[in-house]
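Q: Can you read through this structure? Questions will come right after.
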């Protein structure tokens, strides 16, 4: 039976976890909104040169890629910065950065200035994607880490749905500038709330030897201090003392390469289908409204599927579940070539959502819990940053296949093959060893406490 002190500590911990998960989820909803809103308004640019100047298809594609390159750079930069200065500071800075970026973008009147602002805004988006998983992993209970990460990273497809729905309802009334102003709302809503309610990571403080601050925060949040195994203060430096990208590639080289490739393949599938699925379904005979319904089903399946799969991952391990989801995605994408009736096709597309966007959510959870504390931010950043190359390449690759007038079935078969390769890469991923790699700073600090 729990003592009153233990019950009070658990209550504090539950409140803290709820705040962290809720704020992180809302942050990634806006993150997903900011990344997808361009696709919802680009038709205005193509048809009305008075908006930001003349825009043809080639320019539109370039403008769309600038934000993704910004995400790549921002994610990689945030990995080291987050492991050095802390998760909280990077997340608060990211909220402010991409909110201000969206507001300034809404005032641009040329393609050059719009493109630069999309790149600069992407830096903040990437930094947030890269840091959020590390903080959530360090607060989530051991038996619910994958579920908490799945809830949080489901914010990205939810933000995508929000951008599409708001465009349908509001675009003709507020124009593209109004849609971008909506993306600036976190500066006056989420940022102030997070400033007061988003704590720093107890594990991060402990890993940097700031044990007094870690104990005080542990008492306030109810989150226990990480386990530490005392060693002699004069013990030589070990691999676990290397931080950021140095420790990431020195101590986890092969797993990091594999996880980066897995993320790149996952995001290739995500952005290929989110960009081209309505077009492909339109070419298959569906009208515009029907084609967009497939996109909604795709993202809905991703959210629900990831949440359900994350519970299985918490019980049986994330690696095996990611393998299964990649394989399910490969099978479902291939089944789209088999001529099912509409009802069956919609159900298959929902499963495709699990095997693509849903799988990427689970990959973020796997990565967030794979590494030790003082390289975790760099690991998530690598996954989000390097993986973004797949997000850039995927839509371009499908575009070339469209230009070559390849059969639609061939496109789906190639994407199914990509998912199958993702399953194979996940199979050969070594088991995580972060539990046994305690940062030396924690050990020394514990010994001197």
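The values are calculated or read from the model by the stated rules, or taken from the named source; none is laboratory data. Predicted model, so just to flag it, every value in this text is computed and none were measured. FYI the Cβ positions are ideal-geometry reconstructions off the backbone, even for glycines, and counts take in every protein chain you see.
Q: How many residues does segment 158-198 contain that are closer than 16 Å to residue 86 by Cβ and crowded, with 20+ Cβ neighbours inside 10 Å?
A: 2
Q: Which is out of contact with any helix residue (DSSP H, G or I) (no Cβ under 6 Å at 6 or more places or on another chain), crowded, with 19+ Cβ neighbours inside 10 Å and in a helix (DSSP H, G or I), of 302, 309, 324? Give the steps one after another, and end with the answer.
A: Numbers: 302 fails: out of contact with any helix residue (DSSP H, G or I) (no Cβ under 6 Å at 6 or more places or on another chain); 309 fails: out of contact with any helix residue (DSSP H, G or I) (no Cβ under 6 Å at 6 or more places or on another chain).
The unique qualifying residue is 324.
Q: Moving on to the next point. Check off (1) farther than 26 Å from residue 140 by Cβ; (2) buried (at least 16 other Cβ atoms within 10 Å of the Cβ); (3) modelled with pLDDT of 80 or more for residue 428 and give me the number that stays unchecked.
A: Evaluating residue 428 over (1) farther than 26 Å from residue 140 by Cβ; (2) buried (at least 16 other Cβ atoms within 10 Å of the Cβ); (3) modelled with pLDDT of 80 or more leaves (2) as the failure.
Q: Also, I was wondering about something else. So how many residues does segment 90-132 have that are in a helix (DSSP H, G or I), under 21 Å from residue 190 (Cα atoms) and more than 21 Å from the chain's Cα centre (by Cα)?
A: Of the residues in segment 90-132, 3 are in a helix (DSSP H, G or I), under 21 Å from residue 190 (Cα atoms) and more than 21 Å from the chain's Cα centre (by Cα).
Q: Hey, another quick one. Looking only at segment 147-200, which residues are within 19 Å of the chain's Cα centre (by Cα) and outside any helix (DSSP H, G or I)?
A: Once the filter is applied, which keeps residues that are within 19 Å of the chain's Cα centre (by Cα) and outside any helix (DSSP H, G or I), segment 147-200 yields 154, 183, 198.
Q: Taking the conditions exactly as written (in contact with a helix residue (DSSP H, G or I) (Cβ under 6 Å, 6 or more places away or on another chain), closer than 17 Å to residue 99 by Cβ and at pLDDT below 85), does residue 163 satisfy them or not?
A: Working: in contact with a helix residue (DSSP H, G or I) (Cβ under 6 Å, 6 or more places away or on another chain): yes; closer than 17 Å to residue 99 by Cβ: yes; at pLDDT below 85: yes.
Answer is yes for this residue.
Q: Additional query: Looking at 71, 81, which is the one that is buried (at least 24 other Cβ atoms within 10 Å of the Cβ) and assigned to a helix (DSSP H, G or I)? Even if it seems obvious, please write down each step before you answer.
A: Working: 81 fails: buried (at least 24 other Cβ atoms within 10 Å of the Cβ).
Criteria check complete, one pass: 71.
Q: What tally of residues in segment 9-49 results from selecting those that are in contact (Cβ under 8 Å) with a residue 24 or more places away in the chain and out of contact with any helix residue (DSSP H, G or I) (no Cβ under 9 Å at 6 or more places or on another chain)? Working first, answer last.
A: Within segment 9-49, the first condition is being in contact (Cβ under 8 Å) with a residue 24 or more places away in the chain, and the residues that meet it are 9-17, 19-21, 23-41, 44-45.
Next cut, out of contact with any helix residue (DSSP H, G or I) (no Cβ under 9 Å at 6 or more places or on another chain) only: 10-11, 14.
Of the residues in segment 9-49, 3 are in contact (Cβ under 8 Å) with a residue 24 or more places away in the chain and out of contact with any helix residue (DSSP H, G or I) (no Cβ under 9 Å at 6 or more places or on another chain).
Q: Here's something else I'd like to know. Determine if segment 50-68 includes at least one residue that is farther than 24 Å from residue 394 by Cα, in a loop (DSSP other than H, G, I, E, B), under 21 Å from the mean Cα position of the chain (by Cα) and in contact (Cβ under 8 Å) with a residue 40 or more places away in the chain. Show your work before the answer.
A: Applying the first criterion (farther than 24 Å from residue 394 by Cα) to segment 50-68 yields 50-54.
With the extra rule that they be in a loop (DSSP other than H, G, I, E, B), the set shrinks to 50-54.
Imposing the further condition that a residue be under 21 Å from the mean Cα position of the chain (by Cα) reduces the set to none.
No, there is no match, as no residue in segment 50-68 is farther than 24 Å from residue 394 by Cα, in a loop (DSSP other than H, G, I, E, B), under 21 Å from the mean Cα position of the chain (by Cα) and in contact (Cβ under 8 Å) with a residue 40 or more places away in the chain.
Q: Looking for whichever is farther than 19 Å from residue 150 by Cβ, at pLDDT 85 or above and touching a helix residue (DSSP H, G or I) at 6+ places or on another chain (Cβ under 9 Å) here; the options are 401, 335. Which one fits?
A: Values: 401 fails: at pLDDT 85 or above.
Checking each option against the conditions leaves just 335.
Q: Another question, if that's okay. Could you please let me know if residue 31 is buried (at least 20 other Cβ atoms within 10 Å of the Cβ) and out of contact with any strand residue (DSSP E or B) (no Cβ under 7 Å at 6 or more places or on another chain)?
A: Working: buried (at least 20 other Cβ atoms within 10 Å of the Cβ): yes; out of contact with any strand residue (DSSP E or B) (no Cβ under 7 Å at 6 or more places or on another chain): yes.
Criteria met by residue 31.
Q: Within segment 19-40, restricting attention to residues that are over 14 Å from the mean Cα position of the chain (by Cα) and at pLDDT below 80, which residue is farthest from residue 364 (Cα to Cα)?
A: Out of the qualifying residues, it is 40.
Q: With the structure loaded, tell me whether residue 219 is over 30 Å from residue 37 (Cα atoms), in a loop (DSSP other than H, G, I, E, B), in contact with a helix residue (DSSP H, G or I) (Cβ under 9 Å, 6 or more places away or on another chain) and at pLDDT 85 or above or whether it fails that test.
A: Values: over 30 Å from residue 37 (Cα atoms): yes; in a loop (DSSP other than H, G, I, E, B): no; in contact with a helix residue (DSSP H, G or I) (Cβ under 9 Å, 6 or more places away or on another chain): yes; at pLDDT 85 or above: yes.
No, not satisfied.
Q: Moving on to the next point. Is it the case that segment 353-368 has a residue that's surrounded by fewer than 24 Cβ atoms within 10 Å (Cβ to Cβ) and either modelled with pLDDT under 90 or at negative phi (or both)? Show your work before the answer.
A: Looking only at segment 353-368, we keep the residues that are surrounded by fewer than 24 Cβ atoms within 10 Å (Cβ to Cβ), and these are none.
No, because not a single residue in segment 353-368 is surrounded by fewer than 24 Cβ atoms within 10 Å (Cβ to Cβ) and either modelled with pLDDT under 90 or at negative phi (or both).
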